[in-house]
Amino acid sequence: MAGCKNCGNCCNHVAMEIDEPTCKKDYQEILWFLLHKDVKVFVDHDDEWYLEFYAPCEWRQDSKCINHERRPSICRNYSSEECVMNGEGDAEKLTFNTYDDFLAYLKKKKIDYKFKWQKGKI
Ligand code: SF4
Ligand code: SF4
């Protein structure tokens, strides 16, 4: 496993684990997330689902943390050895960057994601 590539990816976003969508309400919620700028949803290789916001950290400047000694514990505990950017192949199993990405996935999987009032509309 290679060391940190200093790509800055881990300082450019906030990612939160979410429940795997299993019902129409969940599918609609993910479609709504993805209508927002700089938001994506991805599934990692452990089948965990995440909501991610592209939001660069204010302490990241010129590819460096300007307050390295004061960085929060989540940064201190983050291991570049476990970093997805260091893995082989795709870092994410599934990536949805847009509403249309997720809609295509739902249609491909033949998942019923529409409430009655949406039939024939989306
Ligand atoms: S830990 Fe990973 S994401 Fe962060 S800078 Fe290093 S290689 Fe990039
Ligand atoms: S505090 Fe430093 S290490 Fe943590 S996300 Fe911000 S720039 Fe990166």
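The values are calculated or read from the model by the stated rules, or taken from the named source; none is laboratory data. A quick note: this is a predicted structure, and the numbers were derived from the prediction, not measured. Counting neighbours? That spans all protein chains shown, and the Cβs are built from the backbone with ideal geometry, glycine included.
Exactly one residue out of L51, L35, L31 is closer than 19 Å to K109 by Cβ and either within 11 Å of ligand 2 (Cβ to nearest atom) or among the hydrophobic types (A, V, I, L, M, F, W, C) (or both): that is L31.
Which members of segment 54-71 meet the condition of being closer than 30 Å to L35 by Cβ and within 16 Å of ligand 1 (Cβ to nearest atom)?
At the first step, the residues of segment 54-71 found to be closer than 30 Å to L35 by Cβ are 54-60.
Within segment 54-71, Y54, A55, P56, C57, W59, R60 qualify.
Checking R76, R71 one by one, the residue that is at pLDDT 95 or above and either farther than 24 Å from D19 by Cβ or within 16 Å of ligand 2 (Cβ to nearest atom) (or both) is R71 and no other. E20 passes every criterion in (1) within 15 Å of ligand 1 (Cβ to nearest atom); (2) among the acidic types (D, E); (3) under 14 Å from the mean Cα position of the chain (by Cα) apart from (1).
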